[in-house]
Amino acid sequence: LAQPVTPDLLVSPSSQDGDLGSECPEDRGNWTGRLDFLLSCIGYCVGLGNVWRFPYRAYTNGGGAFLIPYFIMLAICGIPIFFMELSLGQFSSLGPLAVWKISPLFKGVGMGTILIVSLVAIYYNMIIAYVLFYLFASLTSDLPWQHCGNWWNTDLCLDHHVIKAGNTTFPINITNTVSPSEEYWSRYVLHIQGSSGIGDPGRIRWNLCLCLLLSWTIVYLCILKGVKSSGKVVYFTATFPYLILVMLLIRGVTLEGAWKGIRFYLTPQFDHLLSSKVWIEAALQIFYSLGVGFGGLLTFASYNTFHQNIYRDTFIVTLGNAITSILAGFAIFSVLGYMSQELGVPVNQVAKAGPGLAFVVYPQAMTMLPLSPFWSFLFFFMLLTLGLDSQFAFMETIVTAVTDEFPYYLRPKKASFSAVICIALFLMGLILTTEGGMYWLVLLDDYSAGFGLMVVVITTCLVVTRVYGIKRFCRDIHMMLGFKPGPYFTACWMVLSPVTMMALLVYNIVKYQPSEYGSYRFPTWAEVLGILMGVLSCLMIPLGMVVAVLREEGTLWERVQQASRPTMDWGPSLEENRTGMYVASLAGSQSPKPLMVHMRKYGGITSYENTAIEVDREMEEEDEEESMM
């Protein structure tokens with residue numbers, strides 16, 4: 001027998017010699033460096049939502065009071081489900097569709113996930129296109145949104161630089177005025193005055209169309225070789241934004257009146273906590289920011305080595321993401337405080353609520369800084385890097401999910417298949433480049449990943465804990481990591497997470513509020529279309545059930561039972577990782593003691609084989625207890 005090898009508990013045996021790829025299927029691809037996975041997760045979670053969505057949600061849901069439900073939802077729903085997704089992906093080395101070998105009856109959950117991710121990817125890349133537009137507009141000596149007097153400005157435009165510099169002896173009424181940056185965004189970039197509403201999209205804005213094409217081209221080039229290429233890009237896109245964010249934060253808090261905005265941000269308005277809307281917004285922010293339920297975490301983890309320490313990575317990413325969101329809020333609200341002092345109005349009246357917060361307030365802030373084009377370019381370059389690595393994850397999720405379903409046909413042609421997906425989503429996103437495109441973006445934003453995402457996550461929780469079994473799932477994690485999840489995780493998976501999300505789902509339905517953009521109210525048909533988007537992802541679940549039952553044989557109940565059990569090939573993808581109960585499911589395994597055969601074949605007992613022996617012993621003891629009962 002070969003000499004026993006006892007690697008460190010949470011380091012893959014194959015990583016001892018620095019070859020991280022030897023443990024993973026070569027044809028599927030895998031991370032090529034130690035930090036690829038961690039940085040990809042950080043880049044995926046820390047995205048545009050931290051700058052564009054979190055401050056907006058905090059601003060409209062009670063300022064600092066929003067942090068209370070945010071951290072409660074992070075603890076109850078975010079961290080446990082984050083760890084569950086990583087565990088499922090790493091244990092099986094499968095994408096969001098193929099992972100449902102764990103219970104084929106619920107494969108529709110995977111289909112619903114892909115539908116949600118596809119809809120989000122369409123409009124998320126449009127936001128990146130807006131960022132590119134502003135990035136190019138910053139390449140000038142004088143920012144175009146700095147002053148009034150351009151062809152797109154109206155009589156309501158008020159240049160605050162002129163007011164500050166002038167020696168006006170009479171008061172100026174600024175209540176019905178708009179800033180140059182706000183008119184640049186709405187009247188020049190969007191040209192929204194050319195559309196009367198969502199039913200009248202108007203003409204395509206070709207400059208936005210070209211920016212959208214460029215953003216899809218960048219995304220495609222970065223995911224061309226799967227995680228091998230995107231895993232290297234994130235070394236820059238996941239770290240560079242922090243440098244710029246700190247620079248902008250320092251500049252923001254040194255502005256006069258910044259304390260007003262920070263006080264507004266930190267002062268809790270506890271009456272808002274009585275509103276169900278605040279708790280729903282907090283849960284949705286967790287889902288959006290952590291990427292829970294979108295399949296991206298599962299996809300990234302599926303490219304890990306089998307014994308990667310995802311328990312440690314879970315806390316690094318989730319807590320780091322929360323801290324980043326709060327820092328971004330300080331950067332936003334310090335500028336809001338300065339602007340409110342300049343205008344002489346309360347902080348909550350400085351900027352209108354809407355998706356354009358980062359495209360109105362921050363551009364205005366850039367004009368107040370020396371070397372404003374330089375700062376503007378850096379800021380929008382930061383937004384570009386924040387958005388791209390999240391978009392990488394969305395695309396990798398879709399491509400991985402489908403190629404894992406048809407590995408023999410699509411894996412050799414993964415680059416071509418990725419190109420087809422990018423082109424298809426670009427064409428579907430063309431309506432967002434029209435003059436009324438912002439209305440469609442708001443509709444997609446409100447409905448594509450609302451209650452449909454909650455249903456997907458709730459179902460996943462229930463299937464893993466009830467159908468597959470919480471004990472078996474914990475054993476799998478024990479075999480993979482060397483220890484079982486504690487009572488905190490089991491309590492959340494079994495009760496707290498699904499119950500909380502069910503309550504939020506009910507409140508979301510009962511206290512439904514129609515979408516709006518500024519003063520524009522969406523027509524009934526648009527609301528129905530939005531609701532159908534959410535319902536369609538839910539309908540994938542019963543549709544998948546019907547397909548799974550039809551593929552089985554026997555009576556209806558027998559078919560349901562067979563379809564709900566894991567498939568024979570469920571488990572670790574590589575033979576050397578299939579220890580304990582999973583060895584018996586390998587093709588050609590005839591030994592009554594397959595674990596011993598496995599140990600002789602792969603060179604002695606490692607710490608992970610010891611874990612497998614413990615798991616097998618626990619199962620035998622439980623079987624004896626059940627037989628005695």
Exercise for the section: Report yes if some residue within the range 550-558 is surrounded by 13 or more Cβ atoms within 10 Å (Cβ to Cβ) and part of a helix (DSSP H, G or I); otherwise report no. Expected result: no
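Conditions (1) at pLDDT below 95; (2) crowded, with 24+ Cβ neighbours inside 10 Å; (3) among the charged types (D, E, K, R), marked per residue:
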{"site": "Tyr70", "(1), (2), (3)": "yes, yes, no"}
{"site": "Ala75", "(1), (2), (3)": "yes, no, no"}
{"site": "Gly78", "(1), (2), (3)": "yes, yes, no"}
{"site": "Phe83", "(1), (2), (3)": "no, no, no"}
{"site": "Ser87", "(1), (2), (3)": "no, yes, no"}
{"site": "Leu94", "(1), (2), (3)": "yes, yes, no"}
{"site": "Lys101", "(1), (2), (3)": "yes, no, yes"}
Practice task
Kindly provide the set of residues from the range 245-262 that are within 10 Å of Ser334 (Cα to Cα), open to solvent by 30 Å² or more (accessible area, probe 1.4 Å) and under 31 Å from the mean Cα position of the chain (by Cα), ordered by number.
Solution key: Leu249, Ile250, Arg251, Val253, Ile262
Completion exercise
Going through (1) more than 17 Å from Tyr288 (Cα to Cα); (2) part of a helix (DSSP H, G or I) one by one, Ile81 fails only at (1)
Completion exercise
Arg57: passes all of (1) in contact with a Ser or Thr (Cβ under 8 Å, 6 or more places away or on another chain); (2) modelled with pLDDT under 85 but (1)
Fill in the blank from the handout: Residue pairs within 8 Å by beta carbon, gap of at least six or interchain, first lying in the range 174-200 and in the same structural domain as Val442 (by the TED database) and open to solvent by 60 Å² or more (accessible area, probe 1.4 Å), second hydroxyl-bearing (Ser, Thr, Tyr) and not in a loop (DSSP other than H, G, I, E, B), listed first then second, are Gln193/Ser186
Handout entry: Filter result for Asn50 (surrounded by 22 or more Cβ atoms within 10 Å (Cβ to Cβ), assigned by the TED database to the domain that holds Met454 and modelled with pLDDT under 90)
Key = yes
Problem - Those residues of the range 519-552 which are among the small types (Gly, Ala, Ser) and more than 21 Å from the chain's Cα centre (by Cα), in sequence order - result: Ser519, Ala526, Gly544, Ala548
Exercise for the section: Evaluate the following for Tyr134: is it of a type outside the set (A, V, I, L, M, F, W, C) and within 16 Å of the chain's Cα centre (by Cα)? Expected result: no
Exercise for the section: Those residues that are of a type outside the set (A, V, I, L, M) and open to solvent by 10 Å² or more (accessible area, probe 1.4 Å), I need them from the range 374-402; list them, please. Expected result: Phe374, Trp375, Phe377, Phe381, Phe394
Handout entry: Selection status of Trp570, aromatic (Phe, Trp, Tyr), surrounded by 13 or more Cβ atoms within 10 Å (Cβ to Cβ) and modelled with pLDDT of 55 or more
Key = yes
Exercise for the section: Please work out which residue is nearest to Phe380 (Cα to Cα), limiting yourself to the range 189-240 and to residues that are among the charged types (D, E, K, R) and not in a helix (DSSP H, G or I). Expected result: Arg205
Fill in the blank from the handout: For helices (runs of 4 or more DSSP H) lying entirely in the range 241-358, having 2 or more residues that are modelled with pLDDT of 90 or more and at positive phi picks out none
Problem - Residue within the range 280-298 that is hydroxyl-bearing (Ser, Thr, Tyr) and either under 30 Å from Ser416 (Cβ atoms) or open to solvent by 70 Å² or more (accessible area, probe 1.4 Å) (or both) present - result: no
Fill in the blank from the handout: All conditions in (1) of a type in the set (Phe, Trp, Tyr); (2) touching a residue at least 60 places away in the same chain (Cβ under 8 Å); (3) closer than 27 Å to Ala358 by Cβ are true of Trp152 except (2)
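The values are calculated or read from the model by the stated rules, or taken from the named source; none is laboratory data. What you see is a predicted model; the values in this text were computed from it and never measured. Methodologically, a virtual Cβ is constructed for each residue, glycine included, from the backbone with ideal geometry; neighbour enumeration extends over all protein chains shown. Accessible surface is based on the protein model in full, side chains and every heavy atom, while ligands, DNA and RNA are left aside. Shrake-Rupley method; radii C 1.70, N 1.55, O 1.52, S 1.80 Å.
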